[in-house]
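Novice: Handing you a structure now.
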Amino acid sequence: MQTDKEDKMILSRAEDAAKLAAKNYSVKTVGFLNPRQRSLIMKSLYPEVDMITEFNGGYPDAERTLLVCRPEYAEFNTDDVLAVIRVTGRDLGKLTHRDYLGSLMGLGITRENIGDILTEPSGAFIFVKREIADYIINNLEKIGRCGVKTSVCGCGEAELPMPKIKEISCTVSSLRIDAVLSASAGISRSRAAELIGQGCVSLNWEETESSSKQVEEGDLISVRGIGRMRLDRVGGLTRKGRIGITVVRFE
């Protein structure tokens with residue numbers, strides 16, 4: 001969980017970017033930001049009337065995004081600030097998100113310069129800040145022990161892999177987070193409560209240690225060692241008074 005000091009630093013950077021964009025009539029960015037940081041900024045940043053602040057990760061539903069601050073009349077193209085690195089090679093099917101991220105950071109690239117990494121059997125699509133794209137192309141030769149080839153393309157040109165999801169329909173006694181987690185992850189409610197108490201569970205990217213926390217439609221639950229799931233729909237009551245829900249689990 002982030003500290004107050006880190007929260008204040010993110011907000012300060014966002015406020016500075018908005019002020020500079022207004023003062024210089026230019027485009028300024030902050031990030032990449034995770035969803036928790038994005039939520040924090042959305043609640044706290046109040047730009048000037050003729051300014052636009054938006055979040056852009058290069059494709060719809062991106063998890064990690066840039067904060068983009070710009071005058072409402074300024075011309076803006078996503079490819080001005082973002083690029084997609086296409087990674088291909090042989091025997092890449094077993095590589096994970098962590099393998100790709102580790103290799104990039106091994107080149108001295110900090111996490112805030114790297115957006116989403118979408119893997120598939122033939123390689124990956126990596127969203128990065130436009131300014132470091134050439135550096136990656138010239139220096140990324142291996143992911144783990146696998147040799148790779150890289151190329152750069154615009155965000156709208158990439159044929160991105162579809163996310164792997166599993167839709168689960170079930171019933172719960174209430175919309176408490178321990179009940180929803182138990183039903184959607186296939187674990188006992190006591191185990192769900194134990195994970196929550198250990199600080200292993202985040203709701204909308206904020207760590208929670210309260211098993212009684214209420215979950216609403218659209219909320220995202222992240223569990224260390226298990227994965228992520230989103231409460232997609234809340235239905236009516238069954239004859240036994242239980243609540244029907246549909247959860248999307250990301251695999």
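The values are calculated or read from the model by the stated rules, or taken from the named source; none is laboratory data. Just so you know, these numbers come straight off a predicted model, no measurement behind them. So basically every Cβ, Gly included, is an ideal-geometry build from the backbone, and we count neighbours across all protein chains shown. These accessible areas exclude ligands, DNA and RNA; they are computed on the full protein's heavy atoms, side chains included. Shrake-Rupley method; radii C 1.70, N 1.55, O 1.52, S 1.80 Å.
Novice: If you average the sequence gap of Cα pairs under 8 Å that are 6 or more apart and divide by the length of the chain, what percent do you get for the contact order?
Specialist: So the answer I get is 15 percent.
Novice: If you count only protein heavy atoms with a 1.4 Å probe, what accessible area per residue comes out for segment 1-123, rounded to a whole Å²? Each step should come with its number before you reach the end.
Specialist: On the way: 6810 Å² over 123 residues.
In whole numbers, segment 1-123 has 55 Å² accessible per residue.
Novice: Charges at C-beta only: +1 for Lys and Arg, -1 for Asp and Glu. How large is the resulting dipole of segment 87-188 about its Cα centre, in Debye rounded to 20?
Specialist: Details: 12 positive and 12 negative charges, 60 e Å.
Here the size comes out at about 280 debye.
Novice: Two decimals is fine: what is log10 I(q)/I(0) at q = 0.15, 0.16, 0.19 Å⁻¹ for segment 1-137, from a Debye sum with one equal scatterer on every Cα and no solvent?
Specialist: Rounded to two decimals, the profile gives -0.77, -0.86, -1.11.
Novice: For a paramagnetic label modelled at 7 Å from the Cα of R98 toward its Cβ, which residues of segment 14-35 fall within the zone defined by backbone nitrogen distances under 18 Å?
Specialist: none
Novice: What is the P(r) of the chain, as percent of Cα-Cα pairs per 10 Å bin from 0?
Specialist: Bin by bin from 0 Å, the calculated values are 7, 25, 29, 26, 12, 2, 0.
Novice: Determine the dipole magnitude for the chain: charges of +1 sit on the beta-carbon of Lys and Arg, -1 on that of Asp and Glu, nothing else is charged, the reference point is the Cα centre, and the result goes in debye to the nearest 20. Intermediate results must be reported in sequence, preceding the final value.
Specialist: Numbers: 35 positive and 35 negative charges, 210 e Å.
It works out to roughly 1020 debye.
Novice: Near L107, within a Cβ-to-Cβ distance under 13 Å, what is the net charge of the other residues, with Lys and Arg +1 and Asp and Glu -1? Intermediate results must be reported in sequence, preceding the final value.
Specialist: Values: positive: R111, K142; negative: D134, E141.
Counting the neighbours of L107, the net charge comes to 0.
Novice: So for segment 97-238, what percent of the C-alpha to C-alpha distances run longer than 20 Å? Each step should come with its number before you reach the end.
Specialist: Details: 5820 of 10011 pairs.
So the portion of pairs separated by more than 20 Å is 58 percent.
Novice: Here is a further query. Considering all projection directions equally, how large on average is the shadow of the alpha-carbon convex hull of segment 196-251, in square nanometres?
Specialist: Convex hull of Cα atoms, orientation-averaged projection: 4.3 nm².
Novice: Here's a follow-up. Quickly rank 26-32, 65-71, 237-243, 87-93 as a protection proxy: mean count of other C-beta atoms within 10 Å, highest first.
Specialist: 65-71, 26-32, 87-93, 237-243
Novice: Let me ask something else about it. Keeping the other protein chains in place, figure out the carbon and sulfur percent of the accessible area of segment 122-251, with a 1.4 Å probe.
Specialist: Values: 3280 of 7230 Å².
Ligands and nucleic acids excluded, carbon and sulfur give 45 percent.
Novice: Calculate what fraction, in whole %, of the accessible area of segment 36-86 sits on carbon and sulfur atoms when a 1.4 Å probe is rolled over the protein chains. Please report the intermediate quantities before stating the final value.
Specialist: Numbers: 1220 of 2640 Å².
Its accessible area is 46 percent carbon and sulfur atoms.
Novice: Return one number: the angle in degrees, 0 to 90 and rounded to the nearest 10, between the long axis of the Cα atoms of helix 35-44 and the longest principal axis of the Cα atoms of the chain.
Specialist: 80
Novice: Roughly speaking, what is the centre-to-centre gap between segment 35-90 and segment 12-34 when only Cα atoms are used, to the nearest Å?
Specialist: 11
Novice: Taking loop as defined by DSSP and a crowding limit of 15 other beta carbons within 10 Å, which GluC sites (Glu not before Pro) in segment 143-179 fit? Could the numbers behind the result be given before it?
Specialist: Working: sites: E157, E159, E167; in loops: E157, E159.
Hits after loop and neighbour filter: E157, E159.
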